[in-house]
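Asker: One structure is given below, represented as structure tokens, and several questions about it will come after.
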Amino acid sequence: MDYKLRISDTTLKDRLEAFGGVLIVGPKGCGKTTTAKMHSKSFVEFQDEEIREQLLATANNAPSRLLIGEKPRLFDEWQDAPKIWGAIRKSIDDEQKTGLYILTGSTSADIKTPHTGTMRISSMKMYPLSLYESEESNGTVSLTELFDNPDSFDGCTSDLTVEDLIFALCRGGWPSCFKINSRRSKLKVAEDLIYQICNKDISSIDGVKRNPKWCSAILKSYSRNICTLSEYKTIFGDVRATNEISDRTFYDYIEKLEQLYIIEDISAWSPAIRSKTAIRSSKKRNLIDPSVAVASLGLSPEYFNTDFKTLGFLFESLCIRDLKIYSSNMNGDMSYYHDRYGLEADGVLHLKDGRYALLECKLGASGIDEGAEHLCRIEKLIKEHNKKEQQVPLRLPDLKIVVTGTKYGYRRDDGVFVIPIGTLKE
């Protein structure tokens, strides 16, 4: 089997050693089942139409029968047979062992179960492939090493051109793309995903029939506003201009797209370096993969020969996706900073040990100076705050990074790292 090793493989292995079960969540098509099978010794696939009715009947009447098999045992799309959750939980309690079960799910819809999986079933999220996992980033710069030993960085060189990056963000990180030879056909994967979401998944998530046209309109507006601070009322107004949809229905669709792991907004970082009213606190609009936006808008790689503004936002989304993946084994959490004075950081990457990096995403070299200036000004604000508030000082950023689509990476005299996305890995 031609399997591309994932950063999630390490996460899954570690959690199987610590917990009786692991639940892998994420959007359809991101490779959850394939990765889970690499770590399981037997499996049950509730989506197998040939035996689906038999499996569901067994799960509903005698779920413990389905637990029989070599461990770890995988249950793919477990939410189709929710009673299996309780049986797995009891089995973990009875056996008092780790690494017994793996579950996968493509929705986060509330499933009624008699008990939670707390301390028994650990959850982990999977994303589409990062550029390093798809073997497009050369991985000469380790994010972990950069945090641990920043002084060891002595420059880097990316092998990716801007044209390569444009195609990568249009194609997306969907594993099935890499089984296809034709570049044109690779772009069809994201297009089909959008079709399935709007015409099937948005309704099948809870059995409530929803309008594919409305779902498509919401995704288009979201895509036009990707990596901006647009408010929901702006997106709703955009959708309402051509669709008779109520605000209540609009928010219902937004919720379902979040539960399908398609919408994934970025929260604001609000340190006490300015007054609360000065710092923007609304969420930054984002999607699980930039290809979702490209496909929703019906664009092609050639479109971006003239629209560099939209390309810049999509590049930021690509960087956020990859940085989330690269920091996943360090429990990385991504936010952003923006205030009403125009000072911003496209990303603030927090690690579980308190360290963090301020980030700006600039596709071309022309934006590097501006991005670095923003990061240095935020650091300066924190230093000024600490002089005034010595009893409650804020930690200074451990790294200041401008992530670029350029060829060369280096460290500036102001301490800002300029690092091409085509050189990064975990």
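The values are calculated or read from the model by the stated rules, or taken from the named source; none is laboratory data. Here the structure is a predicted model, which means the values were calculated and not measured. Here the Cβ is made from the backbone with ideal geometry for all residues, glycine too, and neighbour counts use every protein chain on show.
Residue-wise test of (1) out of contact with any helix residue (DSSP H, G or I) (no Cβ under 7 Å at 6 or more places or on another chain); (2) crowded, with 20+ Cβ neighbours inside 10 Å.
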position	(1), (2)
Thr242	no, no
Glu255	yes, no
Leu260	no, yes
Glu264	yes, yes
Gly298	yes, no
Phe308	yes, no
Phe313	yes, yes
Cys319	no, yes
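Asker: Which count do you get for residues in segment 225-241 that are among the β-branched types (Val, Ile, Thr) and either more than 20 Å from the chain's Cα centre (by Cα) or not assigned by TED's automatic domain parsing to the domain that holds Ser282 (or both)?
Answerer: 3
Asker: On the basis of being closer than 28 Å to Ser106 by Cβ, among the polar types (S, T, N, Q) and touching a strand residue (DSSP E or B) at 6+ places or on another chain (Cβ under 9 Å), does Ser216 make the cut?
Answerer: So Ser216 does not fit the description; no.
Asker: Can you say whether Ser366 is at pLDDT 95 or above, surrounded by 24 or more Cβ atoms within 10 Å (Cβ to Cβ), in the same structural domain as Asn149 (by TED's automatic domain parsing) and of a type in the set (S, T, N, Q), as far as the supplied structure shows?
Answerer: no
Asker: Need a quick list: strands (runs of 3 or more DSSP E) entirely within segment 310-426 having at least 2 residues that are closer than 22 Å to Cys30 by Cβ and out of contact with any Cys (no Cβ under 6 Å at 6 or more places or on another chain).
Answerer: 333-338, 344-350
Asker: Mind checking whether some residue in segment 170-181 is in the same structural domain as Ser296 (by TED's automatic domain parsing), surrounded by fewer than 20 Cβ atoms within 10 Å (Cβ to Cβ), within 18 Å of Ser300 (Cα to Cα) and not hydrophobic (A, V, I, L, M, F, W, C)?
Answerer: yes
Asker: To continue, here is another question. Quick one: is Leu394 touching a residue at least 40 places away in the same chain (Cβ under 8 Å) and buried (at least 16 other Cβ atoms within 10 Å of the Cβ)?
Answerer: It is false that Leu394 is touching a residue at least 40 places away in the same chain (Cβ under 8 Å) and buried (at least 16 other Cβ atoms within 10 Å of the Cβ).
Residue by residue, here is whether (1) surrounded by fewer than 20 Cβ atoms within 10 Å (Cβ to Cβ); (2) hydroxyl-bearing (Ser, Thr, Tyr) holds:
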{"position": "Leu66", "(1), (2)": "yes, no"}
{"position": "Gly69", "(1), (2)": "yes, no"}
{"position": "Phe75", "(1), (2)": "no, no"}
{"position": "Trp85", "(1), (2)": "no, no"}
{"position": "Glu95", "(1), (2)": "yes, no"}
{"position": "Ser130", "(1), (2)": "no, yes"}
{"position": "Asn138", "(1), (2)": "yes, no"}
{"position": "Glu145", "(1), (2)": "yes, no"}
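Asker: Counting only residues that are crowded, with 18+ Cβ neighbours inside 10 Å, closer than 17 Å to Asn331 by Cα and of a type in the set (S, T, N, Q), how many does segment 1-54 have?
Answerer: Matching residues across segment 1-54 total 2.
Asker: Read through the list (1) touching a residue at least 60 places away in the same chain (Cβ under 8 Å); (2) in contact with a helix residue (DSSP H, G or I) (Cβ under 6 Å, 6 or more places away or on another chain), then give the number of the only condition that Leu193 fails.
Answerer: For Leu193, the exception is condition (2).
Asker: Please note which helices (runs of 4 or more DSSP H) are completely contained in segment 153-212 and include at least 1 residues that are among the hydrophobic types (A, V, I, L, M, F, W, C).
Answerer: Where helices (runs of 4 or more DSSP H) fall fully within segment 153-212 and carry at least 1 residues being among the hydrophobic types (A, V, I, L, M, F, W, C), they are 162-171, 188-196.
Asker: While we're looking at this one, here's another question. Hey, could you check segment 65-103 for residues that are farther than 18 Å from Ile24 by Cβ and charged (D, E, K, R) and say which is modelled with the lowest pLDDT?
Answerer: Looking at residues that are farther than 18 Å from Ile24 by Cβ and charged (D, E, K, R), I get Lys83.
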